[in-house]
1. How large a share of the accessible area of the chain, in percent, is made up of carbon and sulfur atoms when the probe is 1.4 Å and the other protein chains stay in place?
2. Given Cα pairs under 8 Å that are at least 6 residues apart, what percent is the relative contact order of the range 90-230?
3. Indicate the gyration tensor shape class of the range 1-132 (rounded, prolate or oblate), computed on the Cα atoms with a ≥ b ≥ c the square roots of the eigenvalues: a/c under 1.5 is rounded; otherwise a/b larger than b/c is prolate and the rest oblate.
4. When the chain is treated as a GNM, springs tying every alpha-carbon pair under 10 Å, which of His81, His153, His320 comes out with the largest mean-square fluctuation?
5. Please give the helix 168-178 orientation as an angle from the longest Cα principal axis of the chain, in degrees from 0 to 90, rounded to the nearest 10.
6. Within the range 1-103, report the GluC sites (Glu not before Pro) that DSSP leaves as loop and that have at most 13 other Cβ atoms within 10 Å.
7. Just the number, please: percent antiparallel of the DSSP beta bridges in the chain, rounded to the nearest 5.
8. Which order do the peptides 291-301, 350-360 come out in when sorted by mean C-beta neighbours inside 10 angstrom, highest first?
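The values are calculated or read from the model by the stated rules, or taken from the named source; none is laboratory data. A quick note: this is a predicted structure, and the numbers were derived from the prediction, not measured. Neighbour counts run over all protein chains shown; Cβ positions are idealised from the backbone, glycine included. For the accessible areas, the whole protein counts, side chains as well, though only heavy atoms, and no ligand, DNA or RNA atoms are used. Shrake-Rupley method; radii C 1.70, N 1.55, O 1.52, S 1.80 Å.
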Amino acid sequence: MNLARKLWQRGRDLLPIPGFHFDRPLVLLQSDDWGRVGLHDQEGLEQLRSAGLDLGERPYDFYTLETSDDLTALSAVLQRHRDSTGRNPCIEMNFVPFNLDFAKMKADAFRKIHLLPLAEGLPSGWRRPGLLESFDAGIAAGVFHPALHGSTHFCSDAVGRELESNNERADLLRLLWLAGTPYIHWRMPWIGFEYWDPEQPEDERFLSVEKQRDLIGSTVGSFAKLFSTLPRSACAPGYRANDDTQQAWEQHGIHVAQNGPGALVPPHFGRHNLLHLYRTVEFEPAVNQAFSVEVCLQQAEACFQRGIPAVVSVHSINFHSTVKDFRSRTLQYLDEFLAAIESRHPDLLYLHDEDVFELANKGSYTSPVGTTQVKITQNNFTKARVVRQGG
Ligand SMILES: [Zn+2]
């Protein structure tokens, strides 16, 4: 079974796929984890430290939740920049439109997971005045574009199993939940990712097609309540998506599948009519000690030379500020990065995922500033022979 699957995968990687190439430099920004609470600010930090957790070892210990000010500051930087058509850069924000309902879970002795839709507010104790209004303002200004991430981000099956066995792992979960924090992934990678259960045998890690369809259906429903629109682009938590995930996305109206970084892959259509985009610029100053704007510019240039979009990956943690100020540095670097690309490329275009889908289908796309034509060529490539980045 395992060998057959590997051979099938290898065979598929050798098949030629028509990839899209563009005659102008295209820049997209993709950003994960919006709306999901993490460390419960200073109060949560103190509570967890006094319970014996040595927080601060890694940046994700200080992942909290964006504030209205964080969003306004990001929006202001994006609004300072324009492409050759006069359009601002637009950040594709992948949302987690549920949080854990800690109050309900506590009343239930933390025996199971209860979810709280973001549209109904934040978990008890969490305060973010004006947060949803600031998302809406950025969307209205055309600099934010909401898309789909997941409902819990972790694999509920994996967490449910640990809770039932009442072991040390369950103790760690309950310690965090008492402090209003759902998880800190690097401290507990056994929680996996939404559709992917890491401690199952290799061939059985992805959840069944039925479970994935239910999860994606409820996430889309909660997203629709939040934004009064349906998501058209999706990124699986941890980039762990399989064919079943993609089929469920397609059934729920998704057009674009976002893929993680690591290779210079041209946009292309895969199964289920999904346009696949790959991240090619890792813009993560909060988590990368060796971060440099220059390296990101080189990564973007490598894309332009190949006629593929520079798809910038920048997770929400980079804009957080309540326990540690990640935001100031990120915004300064982002400002420099965008200014440098604009000055080097007078024909630059800023797009979001759905624009690329429209462009791939029609050869043009319509944004608030008008309709833009881009010359497209399709060249066959194979996944086995794409250019790997870094390393
Ligand atoms: Zn994520």
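1. Looking at the chain in its full context, I get 49 percent from C and S.
2. Computed value for the range 90-230: 29 percent relative contact order.
3. oblate
4. Result for the chain, Cα springs under 10 Å: His81 fluctuates most.
5. 80
6. Passing sites in the range 1-103 are Glu57.
7. In the chain, DSSP labels about 45 percent of beta bridges as antiparallel.
8. Top to bottom by mean Cβ count within 10 Å: 350-360, 291-301.
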